[in-house]
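K.L.:
I have a structure here, written as structure tokens, and I will follow up with some questions on it.
The values are calculated or read from the model by the stated rules, or taken from the named source; none is laboratory data. On a predicted model such as this, the values are computed, not experimentally measured, just so you know. Ideal geometry is used to build each Cβ from the backbone, glycine not excepted, and the neighbour counts take in all protein chains shown.
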Amino acid sequence: MISDSVVFLLRTFRTFISPLRRKTSDYQVTQDRSQNTRGSATDMAGNLDPPTPRPELLVLDVDWTLWPFHTDMDVSPPFKKDSSGEVTDSRGKTIQPFPDVPRILDWLKGNGYTLALASRTWAPSDMERLLILLDWNKYFSYKEIYKGTKTKHFSKFTRDSGVPYSKMLFFDDEEVNIHEIGRIGVMCIFVTNGLNWNLLKEGLEKYAKERS
Ligand SMILES: [Mg+2]
């Protein structure tokens, strides 16, 4: 169990630590999406046919893959949701996922993909709270959210789901995770600017091509 004091210390020293990690301001929601080379030009929800074979388990990292911040560094609990559905942290900062992510989660679930979340955050209870406020738990059959190595998360996934590593597809923004999980036989897609339609399509097509 990660103590609250560790998280408190992390947040207290974020000024010193943050330069080592990306900050929310590094991510710009470009008004002109064409500037974002790996961004999504259009919403593909209506015209993307799931390539086959499909991964039997699609695993998503959370921080900097689904939303543009580190839960243990860049936002401050408690979080709240107002009557319009807007989620904010204690400083009034709006909690927003990357723009394509809500529709992507709907599309994946609607098309029958089995989804899992894997995060090494130091603030698992804060992340769990945000997942509740965003109403995202309905999308995920498996969640492993705790500090450590992602191989631990994945060994739990394969044990709980019965899906072998070779039939999983994983999206993550950290190279260390990509290398570590790639080594155990999971196909990994490196996320550079948040999960978006083009990257999802690229990943599903790569899986279909190389696992057929
Ligand atoms: Mg991440």
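K.L.:
Taking region 136-190, which residues are touching a Gly at 6+ places or on another chain (Cβ under 9 Å), farther than 13 Å from residue 118 by Cβ and in a loop (DSSP other than H, G, I, E, B)?
P.N.:
Correct list: 164 only.
K.L.:
Another question, then. Going by the conditions given, is residue 148 surrounded by fewer than 18 Cβ atoms within 10 Å (Cβ to Cβ) and of a type outside the set (Phe, Trp, Tyr)?
P.N.:
yes
K.L.:
So the check is Cβ under 7 Å with 6+ separation or different chains; which pairs have a first residue in region 95-123 that's closer than 23 Å to residue 151 by Cβ and a second one that's polar (S, T, N, Q) and more than 14 Å from the ligand (Cβ to nearest atom)?
P.N.:
Sorted first by the residue in region 95-123, then by its partner, the pairs are 114/141; 115/141; 116/141.
K.L.:
If we scan region 80-100, do we find a residue that is at positive phi and not aromatic (Phe, Trp, Tyr)?
P.N.:
yes
K.L.:
Then there is this: Residues 42, 52, 65: which one is more than 16 Å from the ligand (Cβ to nearest atom), under 30 Å from residue 209 (Cα atoms) and either at pLDDT 95 or above or in a strand (DSSP E or B) (or both)?
P.N.:
52
K.L.:
From (1) within 21 Å of residue 68 (Cα to Cα); (2) of a type in the set (Gly, Ala, Ser); (3) not in a loop (DSSP other than H, G, I, E, B), pick out the condition that doesn't hold for residue 194.
P.N.:
The one condition residue 194 does not meet is (3).
K.L.:
Among the listed residues 116, 123, identify the single one that is crowded, with 18+ Cβ neighbours inside 10 Å, small (Gly, Ala, Ser), within 16 Å of the ligand (Cβ to nearest atom) and under 19 Å from residue 187 (Cβ atoms).
P.N.:
116
K.L.:
With the requirement that a residue be more than 18 Å from residue 148 (Cα to Cα) and surrounded by 18 or more Cβ atoms within 10 Å (Cβ to Cβ), what does region 167-185 give you?
P.N.:
Of everything in region 167-185, those that are more than 18 Å from residue 148 (Cα to Cα) and surrounded by 18 or more Cβ atoms within 10 Å (Cβ to Cβ) turn out to be 167, 168, 169.
K.L.:
May I pose another question? Just one of 139, 146 is away from the ligand (no atom under 15 Å from the Cβ) and of a type in the set (Ser, Thr, Tyr); which is it?
P.N.:
139
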